[in-house]
Amino acid sequence: MTSPQKTTQLPKNYDPKAVEPRLYEFWERSGFFHEDPDPARPPFIIPMPPPNVTGRAHLGHGSTYTPQDVLTRYHRMLGDNADWLPGLDHAAIATESVLVRELAAQGISRDSLGRDGFIERAWEWSRTTGGTIDAQFRTLGFGPDWQRSRFTMDEGLSSAVRKVFVALYREGLIYRGKRLINWDPKGKTTVSDAEIDHIERDAHLWHVRYPSKDGSFAIEIATTRPETMLGDTAVAVHPEDERYAALVGKHVVLPLIGREIPIVADAAVERGFGTGAVKVTPAHDPTDYEIGLRHKLPMPTILDSDAKISGAEIAVGPYAGLDRYDARQRIVDDLRVAGLLIKEEAYRHSVAVSERSGEVIEPLLSLQWFVTMKPLAEPALQAYRDGRLRFVPERYGRTYEQWLENIRDWNISRQLWWGHQLPVWYTPDGDVVVAETEDEALEIARTRYNGAPLTRDPDTLDTWFSSGLWPFSILGWPEQTPELQCWYPSQVLITGWEIIFLWVARMVMLGMHFLGRVPFPTVFIAPLVFDAQGRKMSKSLGNAIDPMDLVERYGADAFRMGILRQMRLEGQEIRFQESRCEEARNFNNKIWNATRYVLSLPEGLPRAMTLPKDADLTVADKWILTRLHETIASISERFDAFDFGNAADAIWRFVWYEFCDWYVEATKVPQNHTTRAAVLSFVWNNAMRLLHPIAPFISEEVWLALPHDGVTIMTATWPDRLEVALDREAATLFETHMAATEQIRRLKQELELPLGSKPATKLPGDLASLAQLTAYTEAAAGAVITVDPKLEGGIAAIVVEAPATLLLERYRKDAIRLRSEVQRSESKLGNGDFIAKAAPNVVTKEREKLDAYRNELARVESALAAMGETA
RNA sequence: GUGCGUGUAGCUCAGUGGGAGAGCACCACCUUGACACGGUGGGGGUCGUAGGUUCAAUCCCUACCACGCACACCA
């Protein structure tokens, strides 16, 4: 143990850089983060949302991962079988697009490398950059069980992916079909509905005339996408629209192309919008696709994978090969020349954009793989409705419910190379073979298709397919491992609301389908982090803050504390203020210096952490112990309720405003010397344990320097409030004295009384002796202060004897304030309805308040009268 | 369009059916046995607007305004 002599030499300022890396290394080397399944203890498992393998820490990790670390540390101290299971996600699209860009910078194209070469590069890249975020997490003090870290592309998880795919296929829940999908022309791949943003953009609405062949009539349509008219196969109007009723069933000629198309009636058309008539391009618009299905219309595709006009399926005139936007301009021009463009108006509407690439999504009819979602969604909905799955805050549950109720089939095939290749093979005749391994596929081909040669489907699976298995695949499923038996389901999942659909809902559906139980009973949705103006942090805006910079400036503890104190239970966002980290650094410095004080007591600290007998404790001792008791209860409750902001505030208040500002000061007066060493070290040791989940480093450093049991605070027991005596009566007495002291100090400064440190000699009974126990017994020279401790709520009446001129103004102000309070209170108590209808204790309290005000007013008025003032 | 959230001190945000709060910023004072990354005190708000319920509303209800978010097939 560190001796007081040595610790007095501690530097005045706490330096996290000298502490944090050393302690983290100690913890990891000692295996404190590691845990094995133990059925004898309650499990507390959090599956970490796997960050992208090539990702870097950002502030969002602060709000979503710090709580996971906090809860894991808290539950470990509670003695639970606590483990935080980390890992990395291969992040198919994100990784592949970044790698393609990097390669391009070196003059290498994806295709020139070939599939195997590209994948080899991707692996190499993952291995070299994949450690970055893990190292950053260590810097932040995050302590997951690194030995159990998994990667979505590692062999175990990949085989789980294949198993799930094959199982769902054989159950008929995975199918291949030609459907309208979302095509990202930049990323050259499909994306799922959940990966699309709708963004408002300025555009145009063009009115175009579609004439009949014989010129006897024409119909005018409105469109934002004239280029898709090349693929029109109908014009639709509302069935009850009288303007067009006579035209339904007739044909018009597609301008510029000359193809005849029918006019159909469909309820999807809004009569009030545009002209009430709409062109129908089934292969390139979701609504039109539905109309096309209902009317059995042809569905020619006119755009290729580059979003260029293609005449492969139908004649597209001179526009073949043009980019979609060039074609739009050309067609508008040509329509104008042909006299068929009636009107062009400015129009603002929302456009579907790929979340990842920002490219405008092109709806395309394409042969892809899908998961039938309805049968999977039903149990996931049921689990939410009957309470087996709950969200904190609750409102996110309704979001989840709404999405599952309207769920559509999930397009899972991607035209990427980096990912899990579909376990699907085709025979030359187009027969489909689905198998977990190539050997199995060949075996099927041999027995069922006469040994036909097989070609593997080149597509890979949506990243979220493998992450959807995360809560059980990381535990070794499908093997019945001890981990799976003890740790599934886990206890809580913590993430941001932006991936409730992409990830959370899918984990619930797949977990329930394959293991029969929800993967976690509780989902805590942490707030997202924005800048102080509420804008999203981004590189392009230049407002992004790198958490590593904050750690560099303030330390990891300060970063964690700074961000947690900005979290509110119902909040959906944090407007991040760096000043909060600075405050937290100051807080740590406060802790450091309080520790220097404790360690430098001349009498030294007791070797063991024991308290003096109750009878020997002073009022100040009883007060701080009572507050410790209450703070333990408060922090525990708040951690249990995911209320990290208030938990952090509670320890903050206790440490700074109660322990440092009042108790430490109280220990400086001689009357407190006999018990102070024991109480200071006991309370400070407990405070460090309460702080540890939030600020792991400084709490460990201080705890190790104090009397303690064990080798690390990480496995110390969570403070038990029942071991700390609660004496509310003594505490309230001390708090009354605190309030009185504050009033005395206020008077001293307001009245500009000369400073004096003479003890107040005329304090009545209890308070006189109590005042001896604090360092704040300062009475101003020449002033006599009396305090009435009997008043409710710590309100103390104070009479100061001082030069009359100084007092006069003060008393006048007091009299004004008190008269208004008395008046307010009297009118309230004079109201018969108030007496009759208000709760009795409220009335009693009001009477007591009135008495107190009257007494104080009487005192002030008699003082004024004595000075010759009349009321 | 539908749903959700938010509007309280200059800033960021707590909070409560019965006397408006914190931190930062600001002002003044203070080196007092740990801490100036400190201590003490102070100024500052018609609790978005308008109604309603209630003995009593910043808090509950309704409408409106402003901002944010999610969902949605108005081309």
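Within 23 Å of A:ALA283 (Cα to Cα), of a type outside the set (Lys, Arg) and either more than 11 Å from RNA strand B (Cβ to nearest atom) or touching a residue at least 40 places away in the same chain (Cβ under 8 Å) (or both): does that describe A:VAL392?
Here the answer is no, as A:VAL392 does not meet what is asked.
Quick one: in the range A:268-287, of everything that is near RNA strand B (Cβ under 6 Å from one of its atoms) and farther than 19 Å from A:TYR347 by Cα, which residue is least open to solvent (accessible area, probe 1.4 Å)?
A:ALA268
May I ask you to list the residues in the range A:10-27 that are in contact with a helix residue (DSSP H, G or I) (Cβ under 7 Å, 6 or more places away or on another chain) and surrounded by 15 or more Cβ atoms within 10 Å (Cβ to Cβ)?
A:LEU10, A:TYR14, A:PRO16, A:VAL19, A:GLU20, A:LEU23, A:TYR24, A:TRP27
Kindly indicate whether any position in the range A:230-252 is closer than 22 Å to A:ALA307 by Cβ, part of a helix (DSSP H, G or I) and more than 9 Å from RNA strand B (Cβ to nearest atom).
yes
Looking at this structure, is A:MET561 surrounded by 19 or more Cβ atoms within 10 Å (Cβ to Cβ) and either in a loop (DSSP other than H, G, I, E, B) or at positive phi (or both)? Explain how you work it out, then say what you get.
Numbers: surrounded by 19 or more Cβ atoms within 10 Å (Cβ to Cβ): yes; either in a loop (DSSP other than H, G, I, E, B) or at positive phi (or both): no.
Against the criterion (surrounded by 19 or more Cβ atoms within 10 Å (Cβ to Cβ) and either in a loop (DSSP other than H, G, I, E, B) or at positive phi (or both)), A:MET561 does not qualify.
Confirm whether A:PRO719 is closer than 16 Å to A:HIS75 by Cβ and either within 16 Å of RNA strand B (Cβ to nearest atom) or not hydrophobic (A, V, I, L, M, F, W, C) (or both). Can you show your working first?
Details: closer than 16 Å to A:HIS75 by Cβ: yes; either within 16 Å of RNA strand B (Cβ to nearest atom) or not hydrophobic (A, V, I, L, M, F, W, C) (or both): yes.
Against the criterion (closer than 16 Å to A:HIS75 by Cβ and either within 16 Å of RNA strand B (Cβ to nearest atom) or not hydrophobic (A, V, I, L, M, F, W, C) (or both)), A:PRO719 qualifies.
Which ones in the range A:508-543 are in a strand (DSSP E or B) and in contact (Cβ under 8 Å) with a residue 60 or more places away in the chain?
The answer is A:THR522, A:VAL523, A:PHE524, A:ILE525, A:ALA526, A:LEU528, A:VAL529.
Out of A:LEU628, A:LEU599, report the one residue that is open to solvent by less than 60 Å² (accessible area, probe 1.4 Å), within 13 Å of RNA strand B (Cβ to nearest atom), within 22 Å of A:LYS668 (Cβ to Cβ) and among the hydrophobic types (A, V, I, L, M, F, W, C).
Going through A:LEU628, A:LEU599 in turn, the sole match is A:LEU599.
Yes/no per residue for (1) small (Gly, Ala, Ser); (2) in a helix (DSSP H, G or I); (3) in contact (Cβ under 8 Å) with a residue 60 or more places away in the chain:
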{"position": "A:PRO11", "(1), (2), (3)": "no, no, no"}
{"position": "A:TYR14", "(1), (2), (3)": "no, no, yes"}
{"position": "A:LEU23", "(1), (2), (3)": "no, yes, yes"}
{"position": "A:GLU28", "(1), (2), (3)": "no, yes, yes"}
{"position": "A:PRO37", "(1), (2), (3)": "no, no, yes"}
{"position": "A:PRO49", "(1), (2), (3)": "no, no, yes"}
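Which residues, taken from the range A:302-319, are of a type outside the set (D, E, K, R), touching a helix residue (DSSP H, G or I) at 6+ places or on another chain (Cβ under 9 Å), under 25 Å from A:GLU260 (Cβ atoms) and part of a loop (DSSP other than H, G, I, E, B)?
A:ILE302, A:GLY311, A:ILE314, A:ALA315, A:VAL316, listed by residue number.
Condition check ((1) without any contact (Cβ under 8 Å) to a residue 24 or more places away in the chain; (2) within 42 Å of the chain's Cα centre (by Cα)) across all residues:
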site: A:LYS250; (1), (2): no, no
site: A:PRO262; (1), (2): no, no
site: A:ALA268; (1), (2): no, yes
site: A:ARG294; (1), (2): no, no
site: A:ARG324; (1), (2): no, yes
site: A:ARG336; (1), (2): yes, no
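Identify, by number, the condition in (1) within 16 Å of RNA strand B (Cβ to nearest atom); (2) open to solvent by less than 60 Å² (accessible area, probe 1.4 Å); (3) of a type outside the set (Asp, Glu) that A:ASN406 doesn't meet.
(2)
Out of all the residues in the range A:682-696, which are surrounded by 24 or more Cβ atoms within 10 Å (Cβ to Cβ) and under 29 Å from A:SER63 (Cβ atoms)?
Those that are surrounded by 24 or more Cβ atoms within 10 Å (Cβ to Cβ) and under 29 Å from A:SER63 (Cβ atoms): A:ASN686, A:ALA687, A:MET688, A:LEU690, A:LEU691, A:HIS692, A:PRO693, A:ILE694, A:ALA695, A:PRO696.
Only one of these conditions is not met by A:ARG553: (1) surrounded by fewer than 17 Cβ atoms within 10 Å (Cβ to Cβ); (2) within 16 Å of RNA strand B (Cβ to nearest atom); (3) over 20 Å from A:PHE137 (Cα atoms). Which number is it?
(3)
Being β-branched (Val, Ile, Thr) and away from RNA strand B (no atom under 13 Å from the Cβ) is the filter here, so list the residues in the range A:318-359 that pass it.
Hits for the range A:318-359 are A:ILE331, A:VAL332, A:VAL337, A:ILE342.
Residues in the range A:324-343 that are in contact with a His (Cβ under 6 Å, 6 or more places away or on another chain) and β-branched (Val, Ile, Thr): how many?
Residues of the range A:324-343 that are in contact with a His (Cβ under 6 Å, 6 or more places away or on another chain), as a first pass: A:342-343.
Among the residues that remain, those that are also β-branched (Val, Ile, Thr) are: A:342.
Within the range A:324-343, residues that are in contact with a His (Cβ under 6 Å, 6 or more places away or on another chain) and β-branched (Val, Ile, Thr) number 1.
Kindly indicate which of A:TRP662, A:TRP652 is within 13 Å of RNA strand B (Cβ to nearest atom) and either surrounded by fewer than 19 Cβ atoms within 10 Å (Cβ to Cβ) or within 20 Å of A:TYR74 (Cα to Cα) (or both).
A:TRP652
If you go through the range A:254-286, how many residues are outside any loop (DSSP other than H, G, I, E, B) and either touching a Ser or Thr at 6+ places or on another chain (Cβ under 7 Å) or farther than 24 Å from A:ASP326 by Cα (or both)?
The total comes to 12.
Give me the pairs: first residue in the range A:349-374 and of a type outside the set (Phe, Trp, Tyr), second residue open to solvent by 40 Å² or more (accessible area, probe 1.4 Å) and part of a loop (DSSP other than H, G, I, E, B), beta-carbon distance under 6 Å, and six or more apart or on different chains, which are they?
Between residues of the range A:349-374 that are of a type outside the set (Phe, Trp, Tyr) and residues that are open to solvent by 40 Å² or more (accessible area, probe 1.4 Å) and part of a loop (DSSP other than H, G, I, E, B), the close pairs are A:SER357/A:LYS186; A:GLU359/A:LYS186; A:PRO363/A:ASP285; A:LEU365/A:MET299; A:THR372/A:ASP409; A:MET373/A:ASP409.
Please go through the range A:602-620 and give me each residue that is farther than 23 Å from A:ILE698 by Cβ, over 43 Å from the mean Cα position of the chain (by Cα) and within 16 Å of RNA strand B (Cβ to nearest atom), ordered by number.
Residues satisfying the conditions are A:PRO602, A:GLU603, A:THR618.
Residue-wise test of (1) in contact with a Leu (Cβ under 8 Å, 6 or more places away or on another chain); (2) of a type in the set (Lys, Arg); (3) surrounded by fewer than 22 Cβ atoms within 10 Å (Cβ to Cβ).
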site: A:THR189; (1), (2), (3): yes, no, no
site: A:HIS198; (1), (2), (3): no, no, yes
site: A:ARG209; (1), (2), (3): yes, yes, yes
site: A:THR224; (1), (2), (3): yes, no, yes
site: A:HIS251; (1), (2), (3): no, no, yes
site: A:LEU256; (1), (2), (3): yes, no, yes
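Looking for something closer than 24 Å to A:PHE642 by Cα, within 31 Å of the chain's Cα centre (by Cα), buried (at least 20 other Cβ atoms within 10 Å of the Cβ) and in contact (Cβ under 8 Å) with a residue 12 or more places away in the chain - is there at least one such residue anywhere in the range A:719-738?
Yes; the residues of the range A:719-738 include at least one that is closer than 24 Å to A:PHE642 by Cα, within 31 Å of the chain's Cα centre (by Cα), buried (at least 20 other Cβ atoms within 10 Å of the Cβ) and in contact (Cβ under 8 Å) with a residue 12 or more places away in the chain.
Given the condition under 30 Å from A:GLY117 (Cβ atoms) and open to solvent by less than 20 Å² (accessible area, probe 1.4 Å), answer yes or no: does some residue in the range A:373-393 qualify?
No, that holds for no residue.
The values are calculated or read from the model by the stated rules, or taken from the named source; none is laboratory data. Please read these numbers as outputs of a predicted model, since none were measured by experiment. Note: ideal-geometry Cβ built from the backbone for every residue, glycine included; neighbour counts use all protein chains shown. We work out accessible area using only protein heavy atoms, side chains counted, and drop any ligands, DNA or RNA first. Shrake-Rupley method; radii C 1.70, N 1.55, O 1.52, S 1.80 Å.
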